[in-house]
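These notes concern the structure reproduced below.
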Amino acid sequence: QISNPLKAIIPKLNWINYYEKYKKNQFSFTEIIAYNGHFTCDYFAFGITAIAADIFYPWHQHPANEVYICLGRDSKWGKNKDPLTKKSFGDIILHESNTPHAMQSGDGFVFGIWLWSGSVVTKSIIL
């Protein structure tokens, strides 16, 4: 089962709380491949975001193109400040460069696997 190796790896990753508003157990992400990641790369990034129940990840943007794979059953995602829409486990979400986007977890914890390409060195800014 794939979940067994993941259970062993996840606690060993460097989880980052980039936004002071959230406690580490509410919103964190890890950079597995990134400019400052476990594996260093300055043109591509790959990581995981973890969001606890009932957390709004505010409107933000970044120069990198971003693809998310939603690993949660109760979450809403939006871009361009349009209303957030429900996404399901396995849905793929695309955020083009500098496109404002946000997420809202529902009753459960949400994991998102993300990929960045392009300008991956510049971090997100909250809008």
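The values are calculated or read from the model by the stated rules, or taken from the named source; none is laboratory data. This is a predicted model, so every value here is computed, not measured. All Cβ positions, glycine included, derive from the backbone under ideal geometry; neighbour counts span all protein chains shown. The accessibility values were calculated without ligands, DNA or RNA, using every heavy atom of the protein model including side chains. Shrake-Rupley method; radii C 1.70, N 1.55, O 1.52, S 1.80 Å.
Residue by residue through the stretch 78-87, note down the ones that are open to solvent by 60 Å² or more (accessible area, probe 1.4 Å), touching a Lys or Arg at 6+ places or on another chain (Cβ under 9 Å) and in a loop (DSSP other than H, G, I, E, B). Quick ask: steps written out before the conclusion?
The first filter runs over the stretch 78-87 and keeps only residues open to solvent by 60 Å² or more (accessible area, probe 1.4 Å), leaving 79-83, 85-86.
Next, from what is left, pick out any that are touching a Lys or Arg at 6+ places or on another chain (Cβ under 9 Å): 83, 85-86.
Residue satisfying the conditions is Pro83 alone.
Among the residues of the stretch 67-77, are any farther than 21 Å from Thr30 by Cβ, surrounded by 14 or more Cβ atoms within 10 Å (Cβ to Cβ) and under 14 Å from the mean Cα position of the chain (by Cα)? Within the stretch 67-77, one or more residues are farther than 21 Å from Thr30 by Cβ, surrounded by 14 or more Cβ atoms within 10 Å (Cβ to Cβ) and under 14 Å from the mean Cα position of the chain (by Cα). Could you check, for the stretch 66-81, whether at least one of its residues is β-branched (Val, Ile, Thr), modelled with pLDDT of 90 or more and on the phi < 0 side of the Ramachandran plot? For the stretch 66-81, residues β-branched (Val, Ile, Thr), modelled with pLDDT of 90 or more and on the phi < 0 side of the Ramachandran plot: present. Whenever a residue of the stretch 50-69 is more than 21 Å from Ser97 (Cα to Cα), its partners that are of a type in the set (Asp, Glu), lying with C-beta atoms within less than 7 angstrom and at least six residues away or across chains, give the pairs Ala53/Asp107. Counting only residues that are assigned to a loop (DSSP other than H, G, I, E, B) and at pLDDT 70 or above, which one in the stretch 1-16 is least open to solvent (accessible area, probe 1.4 Å)? Per the stated criteria, the residue is Leu13. Screening the stretch 93-112 for residues that are closer than 12 Å to Ile51 by Cα and exposed (fewer than 15 other Cβ atoms within 10 Å of the Cβ) and picking the one that is modelled with the lowest pLDDT gives Gly108. When you scan the stretch 44-52, do you find a residue that is open to solvent by 70 Å² or more (accessible area, probe 1.4 Å) and either closer than 15 Å to Val110 by Cα or in contact with a His (Cβ under 7 Å, 6 or more places away or on another chain) (or both), even just one? So far as the stretch 44-52 goes, no, none of its residues is open to solvent by 70 Å² or more (accessible area, probe 1.4 Å) and either closer than 15 Å to Val110 by Cα or in contact with a His (Cβ under 7 Å, 6 or more places away or on another chain) (or both).
Answer yes if at least one residue in the stretch 17-30 is surrounded by fewer than 16 Cβ atoms within 10 Å (Cβ to Cβ), under 17 Å from Gly108 (Cα atoms) and in contact with a Ser or Thr (Cβ under 6 Å, 6 or more places away or on another chain), and no otherwise. Scanning the stretch 17-30, I find no residue that is surrounded by fewer than 16 Cβ atoms within 10 Å (Cβ to Cβ), under 17 Å from Gly108 (Cα atoms) and in contact with a Ser or Thr (Cβ under 6 Å, 6 or more places away or on another chain), so the answer is no.
Can you say whether Ser124 is touching a strand residue (DSSP E or B) at 6+ places or on another chain (Cβ under 6 Å), within 17 Å of Lys21 (Cα to Cα) and open to solvent by less than 10 Å² (accessible area, probe 1.4 Å), as far as the supplied structure shows? Criteria not met by Ser124.
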